[in-house]
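Take a look at the structure below.
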Amino acid sequence: MSSDLFSRSVSDLISLEGRVALVTGGAGKIGSVISSALSELGARIVLVDINADNLLSVKKSLEEKFNRPVLTVDFDLEKRDDFKYISNLIEEETGRLDVLVNNAAFVGTSNLSGWSVPFPQQTLNAWQRAMDVNLRAPFALTQACLKLLHSNNSSVINISSIYGICGPDLSLYEDTSMNNPAAYAASKGGLLQLTRWMSTTLAPTIRVNAISPGGIYRNQPSSFVNRYIEKTPMKRMGKEEDLIGAIVYLATDMSGWVTGQNIIVDGGWSTW
């Protein structure tokens, strides 16, 4: 057995000291948890979000907790096309980018007209807006950051959904104002295929993987929660912290030989 087989310890593999991680939707609940986990491992965080007030709040929280500067970028992924603005800013401020987490998205509960309604009422405008944020933005931002990412053994992580791989059970939503928009499923399914495409195209210098979360508890109606739990082997809905393990694994050298994969974090929901 080679003496250098165990040349790197687990603590070395999991460390992000000296690295830079960009998280879109960084001011949201999932984005802030992802950012906190990566910052705890030593990464300098770049937060991208449209909500300037929440950005500052998350920035302050991370800097106080980890004593490390956080760069924030107030940027509308839907309406702006100058994605190079983000990569240029990162290059000026840090000179590198090691982890890109495409997390921002319109989700099933987003407040869009023609969105979370029955299929006949779902509009092309809502469809296009979802595609712009959920699918176009990960494509465009990854493309804009290629130069920075190519300089390292970098990791791109796309946040998809169980609805990118499974059809919806609309009975879950009966007697609630909730629904399951077609554009959400289509954009998340497209993001998974984009993940596979980029994983082979950008290798060997950039790894590209996805995480598909199940339903996260957000004070949904009890009727929905009870039905969802009944379909979930782990008998609960998810929490933001349930995603930390998959994020840490894919962001660090722990997954140095893993690309093109989709880690499903759903309490077993999709196994039926």
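Here is how the number arises for the chain: DSSP H runs of 4 or more residues each give -39500 (n - 2.57), the sum is divided by the residue count, and the result at 222 nm is -11000 deg cm²/dmol. In degrees from 0 to 90, rounded to the nearest 10, what is the angle of the helix 29-40 Cα long axis to the longest principal axis of the chain? Once rounded, the angle reads 20 degrees. Sorting the segments 23-36, 145-158, 220-233 by their mean number of nearby beta carbons within 10 angstrom, highest to lowest, gives 23-36, 145-158, 220-233. The relative contact order of the chain comes to 18 percent, based on Cα pairs under 8 Å that sit 6 or more residues apart. In a DSSP loop and with at most 16 other Cβ atoms within 10 Å, the trypsin sites (Lys or Arg not before Pro) in the stretch 41-101 are LYS79, ARG80, ARG96. In this simple spin-label model, placing a label point 7 Å from the Cα along the Cα-to-Cβ direction at both VAL10 and GLN143 gives a separation of 4.1 nm. In a DSSP loop and with at most 15 other Cβ atoms within 10 Å, the GluC sites (Glu not before Pro) in the stretch 9-108 are GLU17. Computed over the stretch 14-80, relative contact order equals 32 percent, with contacts defined as Cα pairs under 8 Å that lie 6+ residues apart. Largest GNM mean-square fluctuation among PHE139, PHE75, PHE119, using the chain with Cα springs under 10 Å: PHE119. Our summary gives the stretch 26-174 a relative contact order of 22 percent, counting only alpha carbon pairs under 8 angstrom and 6 or more residues apart.
Across VAL101, VAL48, VAL70, mean-square fluctuation computed from a Gaussian network of the chain (C-alpha pairs under 10 Å connected) peaks at VAL70. Report the Stokes-Einstein translational diffusion coefficient (µm² s⁻¹, integer) for the chain, Rh taken as the Kirkwood radius over Cα pairs, at 25 °C with viscosity 0.890 mPa s. My calculation gives 128 µm²/s for D. Against the chain, whose longest principal axis is taken from its Cα atoms, helix 84-93 shows a tilt of about 40°.
Taking Cα centroids, how far is the stretch 153-176 from the stretch 224-272 in Å? Using only Cα atoms to place each centre, the spacing works out to 11 Å. Each peptide among 127-134, 255-262 gets the average number of other Cβ atoms lying within 10 Å of its residues, and from highest to lowest they stand as 127-134, 255-262.
Set the Förster radius R0 to 51 Å, insert the Cβ-Cβ distance between LEU71 and THR176 as r into 1/(1 + (r/R0)^6), and round the FRET efficiency to 0.05. The computed FRET efficiency comes out at 0.85.
Counting only protein chain heavy atoms and rolling a 1.4 Å probe, the accessible areas of ASP169, ASP53 rank, largest first, as ASP53, ASP169.
All alpha carbon pair distances within the stretch 156-254 were sorted into 5 Å bins beginning at 0; the resulting P(r) in whole percents reads 2, 12, 19, 20, 19, 13, 8, 5, 2, 0. Just to be sure I understand: of the beta bridges DSSP finds with both ends in the chain, what percent are antiparallel, rounded to 5? Bridges in the chain that DSSP calls antiparallel: roughly 0 percent.
Using the Karplus relation 6.51 cos²θ - 1.76 cosθ + 1.60 with θ = phi - 60°, the per-residue 3J(HN,Hα) values for the stretch 143-158 come to 4, 5, 9, 4, 4, 5, 5, 5, 7, 9, 7, 9, 10, 10, 10, 9 Hz, with x marking Gly and Pro.
The values are calculated or read from the model by the stated rules, or taken from the named source; none is laboratory data. Remember, predicted model here, so these are calculated numbers, not experimental data. When we count neighbours, we look across all protein chains shown, and the Cβ atoms used for this are built from the backbone with ideal geometry, even at glycine. Note: areas computed on protein heavy atoms with side chains; ligands, DNA, RNA excluded. Shrake-Rupley method; radii C 1.70, N 1.55, O 1.52, S 1.80 Å.
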